[in-house]
Amino acid sequence: MNFADGKETAPAVGLEIGNACTQCGSRRLRRDLVKSAFWHDDSLVVVEEIPAVVCEDCGERFFDDATATILDLMHGDGFPPAQACGHLHVPVFSFSARVPTDLTAVAEGQG
């Protein structure tokens with residue numbers, strides 16, 4: 001997928017397609033539109049169609065300055081529900097419900 005401006009660089013991170021991923025060193029980078037989840041107060045929100053450079057080996061995602069600024073502005077606006085393009089039902093799981101009792105005590109500093 002292409003960025004709207006059609007450029008082959010992501011200025012914020014100085015990352016060009018073909019350069020190495022700063023996380024794992026891979027040169028297998030691609031432009032894509034990604035989703036990301038954000039917490040706003042007690043609400044979980046998902047933003048779709050975010051332009052990014054994605055490492056095909058480790059999955060690290062890189063955003064340019066303009067994209068990061070827009071995400072910050074969206075967060076600052078509080079993600080008004082009236083502007084949402086859809087809604088998701090998100091299941092919630094308890095980590096401690098899956099951990100054996102003896103490991104729970106260790107994790108809580110009792111063992």
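The values are calculated or read from the model by the stated rules, or taken from the named source; none is laboratory data. No experiment lies behind these values; they were computed from the predicted model shown. Ideal geometry is used to build each Cβ from the backbone, glycine not excepted, and the neighbour counts take in all protein chains shown.
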If only one of Glu108, Glu60 is of a type in the set (Asp, Glu) and at pLDDT 90 or above, which one is it?
Glu60
Please go through the stretch 43-55 and pick out each residue that is exposed (fewer than 13 other Cβ atoms within 10 Å of the Cβ) and modelled with pLDDT of 95 or more.
Glu48, Glu49
Against the definition (surrounded by fewer than 11 Cβ atoms within 10 Å (Cβ to Cβ) and modelled with pLDDT of 90 or more), how does His40 come out, yes or no?
no
Suppose we keep only residues that are acidic (Asp, Glu) and within 23 Å of His40 (Cβ to Cβ) within the stretch 65-102. Which one would you say is nearest to the chain's Cα centre (by Cα)?
Asp72
Would you pick out the residues in the stretch 16-36 that are over 19 Å from Thr69 (Cβ atoms) and in a strand (DSSP E or B)?
Glu16, Ile17, Asn19, Leu29, Arg30, Asp32
